[in-house]
1. So which residues in the stretch 136-151 are at pLDDT 95 or above, touching a strand residue (DSSP E or B) at 6+ places or on another chain (Cβ under 8 Å) and not in a loop (DSSP other than H, G, I, E, B)?
2. Considering the stretch 210-243 alone, what residues qualify as being at pLDDT 95 or above, surrounded by 14 or more Cβ atoms within 10 Å (Cβ to Cβ) and in a loop (DSSP other than H, G, I, E, B)?
3. Among all residue pairs at least 6 apart or on different chains, which show Cβ distances below 7 Å where the first residue, located in the stretch 203-214, is closer than 12 Å to E185 by Cα and the second is small (G, A, S) and surrounded by 12 or more Cβ atoms within 10 Å (Cβ to Cβ)?
4. Tell me which residues, restricted to the stretch 160-185, are modelled with pLDDT of 95 or more and not in a helix (DSSP H, G or I).
5. Any idea how many residues of the stretch 122-135 are surrounded by fewer than 24 Cβ atoms within 10 Å (Cβ to Cβ) and part of a helix (DSSP H, G or I)?
6. Restricting to the stretch 6-30, give me the number of residues that are under 18 Å from the mean Cα position of the chain (by Cα) and farther than 15 Å from V134 by Cβ.
7. Filter the stretch 37-59 for residues that are exposed (fewer than 15 other Cβ atoms within 10 Å of the Cβ) and touching a residue at least 24 places away in the same chain (Cβ under 8 Å) and give the result.
8. Conditions: (1) within 30 Å of E232 (Cβ to Cβ); (2) touching a Phe, Trp or Tyr at 6+ places or on another chain (Cβ under 9 Å); (3) of a type in the set (D, E). D62 meets all but one. Number of the miss?
Amino acid sequence: MKNKLNILSGANGQVGSFLAHQLAKKNEPLLLLYHNSFHRIEDLANQDKVMLISCDLKKLDDVSKAIHYASENLDAIPAYLIHTAAIRSYDAMPLAQSDPEIFKEVLSTNLEMAYNMLRVCLPFMLKERFGRIVMFGSNVIQTGLYRGSAYAAAKAAIINLVQSVALETASSNVLINAISPAPIETVLEEEYTGDYLAFRKRYFEEFRQMSLTGKLVSKEEIWLICELLLNEKLENLTGKNIIIDSGFSSIQKIKGNEIQ
């Protein structure tokens, strides 16, 4: 087998850029896919074995060209994939008042990006009989998301996609799992403004107050789990969704039992 190529989507996001820097420390061939800006990962642009490519993940042909180009020029076969790219329900409206075009965009874009990344990477992995894939869901698949139904629905679909692909690929040593974090410790002011920023701040603080640890999810904790799921020594861990929510789901189960 040739060298193994690591691929990260959404590489310029706050979480994605953190993971990008951790992956770069491995000194293995690494493709970082970003949309428009790359300011959080520009320090990696000249690093040996690292390639940055701007890519519209909604377009299968663009994804295919980027990954094939990196594979050829880095002399490495796609073997590890972390897919973090996502868009949120940026209108922050109840479904009954939502803009149907925004709903459609959020739902379809998240699913298309996930599909396109898998559609391009899986043939490589199946041929080599090796692959480790980490997709990103969200804890809202359990709880729903107030004023974010399109995003919540898309993330639930991605988790089912993970489970379905696992059935198809496990016998070929291609293991796929998901991480579903609760609100992550990020700088919200770097992403949002105005009413939507205020909405996100309230949501994060409400979660912090309800969680058992009193903390948001850290980027370091996410990386630790990614490291596990990418480990080539894994043999049977596939089709799983690992929820990181500071004990929030445990609280909900307790409350549910009390009601019964």
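The values are calculated or read from the model by the stated rules, or taken from the named source; none is laboratory data. These numbers were taken from a predicted model, which means no experiment stands behind them. Neighbour counts are summed over all protein chains in view; Cβ atoms, including those assigned to glycine, are modelled from backbone coordinates with ideal geometry.
1. F136
2. Listed by number, the residues that qualify are S218, L234, L237, T238, G239, K240.
3. Going by the 7 Å Cβ cut-off, the qualifying pairs are F207/A182.
4. Filtering the stretch 160-185 down to residues modelled with pLDDT of 95 or more leaves 160-181.
Within the stretch 160-185, N173, V174, L175, I176, N177, A178, I179, S180, P181 meet the criteria.
5. Total satisfying the criteria: 6.
6. If we filter the stretch 6-30 for residues that are under 18 Å from the mean Cα position of the chain (by Cα), which is where we start, we get 6-24, 30.
Keeping just the survivors that are farther than 15 Å from V134 by Cβ gives 12, 14, 17, 21, 24.
So the answer is 5.
7. Answer for the stretch 37-59, where residues must be exposed (fewer than 15 other Cβ atoms within 10 Å of the Cβ) and touching a residue at least 24 places away in the same chain (Cβ under 8 Å): S37, H39, K59.
8. (2)
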